[in-house]
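What follows is a short report on a single structure.
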Amino acid sequence: MNDVKPLYFDHNATTPVHDKVFRAMRPFLTEKFGNPGSPHHWGLEAREALEEARANVASLINADPEEIFFTSCATESNNMVLFGTLGLSEGRFVTSAVEHPAILEPAKALRRYGLETTLVPVDENGLVDPEEVIKACRRGTKLVSIMLANNEVGAIQPVQRISSMLGPGTFLHSDAAQAVGKIPVDVKELGLDFMTIAGHKLYAPKGVGALYVRKGLSLPPHLYGGGQEYGLKSGTENVAFAVALGAACLLAKDDLEEETRRQRDLGLLFLAELDALGHDYILHAQNAPRLPNTMSIGFRNLPADRIVEGLALADVGVSPGAACHSTDVRISHVLEAMEVPREYALGTIRFSWGRSTTAEDVRELGERLGRVIRGIRPVRG
Ligand code: PLP
C-alpha cells in the first residue's frame with residue numbers, strides 16, 4: 001500500500017476545480033440547461049446566470065460587465081486581440097521576449113501578412129524596461145502586449161508604468177492568465193485596453209477564459225454566426241463554464257489578501273527548506289516583484305529532467321525549466337532571455353503552489369527533494 005501523500009506543486013500549469021466553483025456550475029449542466037438565447041424560463045434562467053457570471057468576473061478586475069467577453073481559454077483571448085487589432089495587414093507589434101507561446105506564435109503567424117514584431121529583451125530578473133518598450137514603439141505600432149506575470153518565473157511586469165508612458169494610437173494588451181486570482185488586478189489602474197484571463201489557473205475548469213475589452217473599443221467578430229457574446233464570438237454560450245469562472249473570481253476576491261500572504265509565507269518556508277538541502281541553487285527573478293505562489297529554482301549542475309523524474313516517482317508534481325531531447329538540452333526561452341548561467345538554467349524547476357498547499361506539504365517537499373537531489377550525480381554544463 002502506498003500511503004505517501006501526493007504533493008502537487010504545479011498550480012501554474014493548472015489548478016483543480018474548487019468545490020465552491022463546482023457546486024455553482026453543476027446545476028447548469030443538469031436541471032438548468034437552457035440556452036441563454038431562448039425566450040422561455042429555461043433560457044431566461046441561463047441568461048441571468050451568464051450575466052451574473054460576467055459581473056462577477058468584472059468585479060475582480062474593476063471592469064464593467066459589458067467589458068467582459070467569455071472565451072474558451074487564454075490562448076483564444078490572446079489570438080482574438082492579436083488578429084483583431086493587427087488584422088491581416090502590415091503593421092507593427094511590440095511584445096516581450098518572455099511571453100507565453102499564446103502570444104509569440106500568433107505574432108509569428110501574422111508575419112506572413114507583413115506584421116513586424118519587436119521582442120523587447122528582459123533583464124536578469126525577467127523584467128522589461130518600460131523605456132525600452134516605449135522606444136520600440138516606432139510609428140505604425142498598433143499593439144503592445146506585455147504579460148502581467150510570467151508563468152515560469154513569476155516576475156510581475158511594470159505594465160502600469162508602460163501604460164502611463166504609451167502615446168495615443170497604440171493599444172495596450174496584457175496576458176494576465178497567471179496574475180488574475182493571485183494578485184490584485186485593476187484594469188483601470190493598469191490603464192489597459194485589453195486583458196486576458198484563464199479560468200483553469202484560478203480554480204475554474206479548463207475550457208473557459210475571458211477577454212476584457214475597454215469600453216468604447218471593439219474587435220471584429222472572432223467567430224461569425226448567431227451573434228452571441230455581443231457579436232464578438234458566435235456560438236451558444238458555455239453557461240456552466242462561464243458560471244464557474246464567475247464563481248472562481250468571487251472566491252479569489254473573497255480572500256485575495258489573506259491567501260496572498262499565506263502563499264508568500266509558504267515561499268519563505270520553501271526557501272528555508274532549500275537552504276537546508278546544502279545544494280547550490282538560485283531563485284530566478286529574485287529581485288523582481290513576483291507572484292506569491294511561484295518559485296523557479298536553478299539547481300547547479302543538476303539535469304532538470306532527472307529531478308522531475310525523481311520527484312514524480314516520489315509523487316511530487318513540478319515542471320522543468322529545461323528539457324533533454326535526444327541530441328541536446330533545451331533551456332526555456334524565458335531563462336534564455338534572462339541570460340541565466342547555463343549551469344543553473346539546466347537544473348531549473350518551477351514550483352507553484354496553491355490554495356490547498358499547507359506548510360506541512362512544503363516541509364515534506366523539502367524532504368523528498370533532498371532525497372532526489374542526493375541521488376543525482378552532478379553534471380558539468
Ligand atoms: N498565457 C500564459 C501566461 C499562460 O501561463 C498560459 C498557460 O500556461 C496561457 C497563456 C495559455 O493558457 P490556455 O492554455 O488556458 O489557453
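The values are calculated or read from the model by the stated rules, or taken from the named source; none is laboratory data. Every value quoted in this text rests on a predicted model; they were computed, and no experiment measured them. When we count neighbours, we look across all protein chains shown, and the Cβ atoms used for this are built from the backbone with ideal geometry, even at glycine. The area values use the complete protein model at the heavy-atom level, side chains included, leaving out ligands, DNA and RNA. Shrake-Rupley method; radii C 1.70, N 1.55, O 1.52, S 1.80 Å.
A count restricted to region 179-209 and to residues that are at negative phi, touching a residue at least 40 places away in the same chain (Cβ under 8 Å), open to solvent by 10 Å² or more (accessible area, probe 1.4 Å) and not hydrophobic (A, V, I, L, M, F, W, C) stands at 9.
In the set ALA63, ALA55, ALA107, only one residue is open to solvent by less than 20 Å² (accessible area, probe 1.4 Å), of a type in the set (Gly, Ala, Ser) and more than 16 Å from the ligand (Cβ to nearest atom); that residue is ALA63.
Suppose the filter is over 30 Å from SER59 (Cβ atoms) and more than 16 Å from the ligand (Cβ to nearest atom); does GLU132 pass it? So GLU132 fits the description; yes. Determine whether PHE83 is of a type outside the set (S, T, N, Q), in contact (Cβ under 8 Å) with a residue 12 or more places away in the chain, assigned to a strand (DSSP E or B) and away from the ligand (no atom under 13 Å from the Cβ). Considered against the rule, which asks whether it is of a type outside the set (S, T, N, Q), in contact (Cβ under 8 Å) with a residue 12 or more places away in the chain, assigned to a strand (DSSP E or B) and away from the ligand (no atom under 13 Å from the Cβ), PHE83 comes out as no. Put simply, of GLU131, GLU66 the only residue that is of a type in the set (D, E, K, R) and either closer than 27 Å to ALA285 by Cα or in a loop (DSSP other than H, G, I, E, B) (or both) is GLU131. The combined condition, being of a type in the set (Phe, Trp, Tyr), more than 16 Å from the ligand (Cβ to nearest atom) and touching a residue at least 12 places away in the same chain (Cβ under 8 Å), is not fulfilled by PHE241.
Picking from residues in region 272-309 that are closer than 21 Å to GLU360 by Cβ and in a helix (DSSP H, G or I), the one that is most open to solvent (accessible area, probe 1.4 Å) is ASP275. Among the residues of region 210-228, just one is open to solvent by less than 10 Å² (accessible area, probe 1.4 Å) and either in a helix (DSSP H, G or I) or among the hydroxyl-bearing types (Ser, Thr, Tyr) (or both), namely TYR212.
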